[in-house]
Amino acid sequence: MLLSEVGVTADELYGDDFTTLDDLSKWAADWGIKFLRAAQDAWFANEHYNRVQRELEENKEQELKELMASIVRGEL
C-alpha cells in the first residue's frame, strides 16, 4: 500500500477529521493516491541523484589515484 511505502498514515495525510478510507470521497482518494505517488517519485529521483553523485565522486577519486600512480612511476 502506498501509505506504508511512503511512510505516512492516513491520519497524517488527511488530517484530524479522518475516520476511515471507506469514508473518503473519490476526489479525496484520488488526490491522496496522486500525492503519495508524487512523493514516492520524488524519493526515487533523490535516491538516483545521490547514487549518481557517489559514482561521480568515486570516479574522480579513481582518476586521482591513477594520476598519482603515473607521477610516482615517472610517466608524467
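Contact map, region 1-24: first residue among the small types (Gly, Ala, Ser), second residue at pLDDT below 90 and part of a helix (DSSP H, G or I), Cβ cut-off under 8 Å, separation 6 or more or different chains; pairs are 10/21. Within region 2-16, the set of residues being assigned to a loop (DSSP other than H, G, I, E, B) and under 17 Å from residue 42 (Cα atoms) comprises 7, 8. Any residue in region 30-41 that is part of a loop (DSSP other than H, G, I, E, B), surrounded by 10 or more Cβ atoms within 10 Å (Cβ to Cβ) and out of contact with any Cys (no Cβ under 8 Å at 6 or more places or on another chain)? Taking every residue of region 30-41 in turn, none turns out to be part of a loop (DSSP other than H, G, I, E, B), surrounded by 10 or more Cβ atoms within 10 Å (Cβ to Cβ) and out of contact with any Cys (no Cβ under 8 Å at 6 or more places or on another chain). Tell me which residues, restricted to region 20-76, are under 16 Å from residue 8 (Cβ atoms) and of a type in the set (Gly, Ala, Ser). Across region 20-76, the qualifying residues are 28, 29, 32, 38, 39, 42.
The values are calculated or read from the model by the stated rules, or taken from the named source; none is laboratory data. Fair warning: this is a prediction, and the values are worked out from it, not measured in the lab. When we count neighbours, we look across all protein chains shown, and the Cβ atoms used for this are built from the backbone with ideal geometry, even at glycine.
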